[in-house]
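A short write-up of the structure that comes next.
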Amino acid sequence: MNIKLRAEWNKNIDSDIELVLNHHIGKWIGEPNQKYTIDIEYFDGGRSDTFFDCFLSESEIIEILPNLKYLEEFEEHFETHKLLVDSKFLFPIIEDACGVFFISTYGKFTGQIFHVDNGDFGFAFVAKSLEDFKVRMKAFDF
């Protein structure tokens, strides 16, 4: 992770997760120009699917980081228990049509992938790791 991005994040990050991020930031998720989808079930029972194609670039992540305060507000609004997610360590990795996918960078949920929608459902556990996420995603054709 470059120095500017590291300074913007300014939170604990597991060294293995930092290596994963260094390998993926700004790259295609799978095949170039291919969109992917994944099924999402939110903690409140809502279900969704969405599509995406690339990991966020460093500049996109830096643009998102100052606005992550809403995650703590979502935790309170959706009454999400700390046994399910700790929003303090959610690092944005993919933006989609419905919200953002995050990887937990530290603590009990290190390496797990979560989705946070744009306000309707809140948080969803998506995968236990980035590799699990890639196994669960499916090619999406318009």
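Just so it is clear, none of the values below were taken in a lab; they were calculated from the coordinates. Predicted model only: the values in this text are computed from it and were never measured. Neighbour counts are summed over all protein chains in view; Cβ atoms, including those assigned to glycine, are modelled from backbone coordinates with ideal geometry.
Placing +1 on each Lys and Arg Cβ and -1 on each Asp and Glu Cβ, with no other charges, gives the chain a dipole about its Cα centre of roughly 420 debye. Dividing the helix sum by the residues of the chain, where each DSSP H run of 4 or more adds -39500 (n - 2.57), gives a mean residue ellipticity at 222 nm of -7500 deg cm²/dmol. Only lysine pairs 8 or more places apart or on separate chains count here, and in the range 3-140 those with Cα atoms under 18 Å apart total 17.
Counting charges near Met1 (Lys, Arg +1; Asp, Glu -1) among other residues having Cβ under 10 Å from its Cβ returns a value of -1.
Dividing the mean sequence gap of close Cα pairs (under 8 Å, 6+ apart) by how many residues the chain holds gives a relative contact order of 26 percent.
Counting beta carbons within 10 Å around each of Thr50, Thr105 and listing the fewest first gives the order Thr50, Thr105.
Quick check: the distance between the Cα centres of the range 6-80 and the range 92-142, to the nearest angstrom? When both Cα centres are located, 6 Å separates them. Restriction of the trypsin sites (Lys or Arg not before Pro) in the range 53-142 to DSSP coil positions whose beta-carbon has at most 13 other beta-carbons within 10 angstrom yields Lys82, Lys128.
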